[in-house]
1. Across the range 347-370, which residue is surrounded by the fewest Cβ atoms within 10 Å (Cβ to Cβ) among those that are outside any loop (DSSP other than H, G, I, E, B) and within 41 Å of the chain's Cα centre (by Cα)?
2. If you take the residues in the range 115-131 that are within 20 Å of Q81 (Cα to Cα) and under 60 Å from the mean Cα position of the chain (by Cα), which one is modelled with the lowest pLDDT?
3. I need the full set of residues from the range 215-239 which are assigned to a loop (DSSP other than H, G, I, E, B) and surrounded by fewer than 18 Cβ atoms within 10 Å (Cβ to Cβ), in order please.
4. Exactly one condition in (1) closer than 28 Å to V144 by Cα; (2) modelled with pLDDT of 90 or more is false for N39; which is it?
5. Read through the list (1) closer than 19 Å to R409 by Cα; (2) at pLDDT 90 or above; (3) assigned to a loop (DSSP other than H, G, I, E, B), then give the number of the only condition that L316 fails.
6. Does the range 185-206 hold any residues that are surrounded by fewer than 19 Cβ atoms within 10 Å (Cβ to Cβ) and either assigned to a strand (DSSP E or B) or among the basic types (K, R) (or both), and which are they?
7. Test each condition in (1) under 20 Å from K132 (Cα atoms); (2) in contact with a strand residue (DSSP E or B) (Cβ under 8 Å, 6 or more places away or on another chain); (3) modelled with pLDDT under 85 for C53 and report the one that comes out false.
8. I'd like the full set of residues that are part of a loop (DSSP other than H, G, I, E, B), touching a strand residue (DSSP E or B) at 6+ places or on another chain (Cβ under 8 Å) and farther than 30 Å from D183 by Cβ, limited to the range 254-269.
Amino acid sequence: MSINAPFMVAGLLILIVLFIVFLLIVRYVYKDAKRRHMNAPLWILVVLLAPFCIGFVLYLLARSNHPDLTCPKCGASVSDQYSVCPQCGTPLQPACPQCNKPVDPSWKFCPWCTAPLDGVQQPTPPQPRPDKFLLRLLVAILIVPILIMTFASFAFVNIRRSGVSTLSRRYLDTASYYTEVPDDVADSVRQWFEGLDLNLNRAYVLEFDEHSSLDNLYHQYFLVYAPKASSDGMFGIHNGLFRSAVELKFKEGSQPDYFALLEVQASKHLDLDIYVGGKKRTTEVQTVDFNPTTLFRMPNFADGPSAAALPQRFKLTRFVGGENAGILEIGDAETMEKILSAIDGAPRVPMESAPTLDSDKTPLLFHITVQYRIGDPESEATFLLYQDGDAYYLQDDRVTNTADGSSIRQMSSDFCNYLAHLFPESA
């Protein structure tokens, strides 16, 4: 699974914001330390070398002994040791009228010159400088981690939501394609293809989508035609901040016309991005109501039986007392449809109440194997029917355990009796 451009841009923006905040911290410490008559270069070195803003925290603690004061009259920077403002001469502390040294207003005599201090007044003291920039800086320092965590959480959730379980692809030249699909599909695709107003900077797509109740996933089938592209390509999924997409990358080529056939199974609908020679092409997508690919689609007979979707092979094995009691090859379309419709229409047992099926404790009654394409493992399905007291449960290997239910279906006794009566000795 690759990281796409939106993720990289977002990550780069976060790094830039972090760098800017760090520069603001360094600038603030340098100017603030100079105003407070502290060793500014030393504190800059502490901030640079200490990790995770520890140096900045140490500076904020140390500067409390060095107040940042201003003259109440002219606003010039002053020290708490100054008697008068060096800029305008405004008195900042009470002073001895004879020696001008700082004194306490409660004293009666000057400790340096012994002069009486009657009538010494307390002048307006220096004022602390408002530090609005520090508040903004602290807010920025708090916001950045929140943004990073929010981005990380959003990205993680987005990746999980894509839930891609299967990616399949195939490449066929157009002549071979038309011989491998049903005639009605071939006619529809040929009509679409011949009606294209071809542009070398575009790609053309037929898309068929369905949500399968068997695995609770979105199944998307794409037939792609990209002029002047190679007959192979890199195929994958990339997850962005606001969208997830199937990504198909071709090299430039000059092969005859061919189609790229794609299948994606995911927990949500995905877009399709096509690149040729490293450049993204504008994609014209037409949604159709049939599967335009030759990639297999497992049918769901709960949606209605379809003779075109019947298996090429249907094998039913019966067990009695744990022993094989007979194997039956079923070729009758009506029988296959009846069995598959009953299975697909049976309710799935909730996860919290799904039984543990074990042939040692719950007798195995029937083993059903269907093959829609001989020699194609992806087109095979297996069903195991067990008896648990008066209940009958079928393990459906096509179905995954989800919040909608387990892979175990609750079957009726009538269904079991029907399967048993298919065998000659039970007739």
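1. Among those that are outside any loop (DSSP other than H, G, I, E, B) and within 41 Å of the chain's Cα centre (by Cα), it is E352.
2. Across the range 115-131, the extreme among qualifying residues is P130.
3. Across the range 215-239, the qualifying residues are N216, P227, K228.
4. Checking N39 against (1) closer than 28 Å to V144 by Cα; (2) modelled with pLDDT of 90 or more, the one that fails is (1).
5. (3)
6. Across the range 185-206, the qualifying residues are R190, R202.
7. In the conditions (1) under 20 Å from K132 (Cα atoms); (2) in contact with a strand residue (DSSP E or B) (Cβ under 8 Å, 6 or more places away or on another chain); (3) modelled with pLDDT under 85, C53 misses (2) alone.
8. S267, K268
The values are calculated or read from the model by the stated rules, or taken from the named source; none is laboratory data. Because the structure is a prediction, the values reported are computed rather than measured. Quick reminder, even Gly has a Cβ in these numbers, built from the backbone with ideal geometry, and neighbours come from all protein chains shown.
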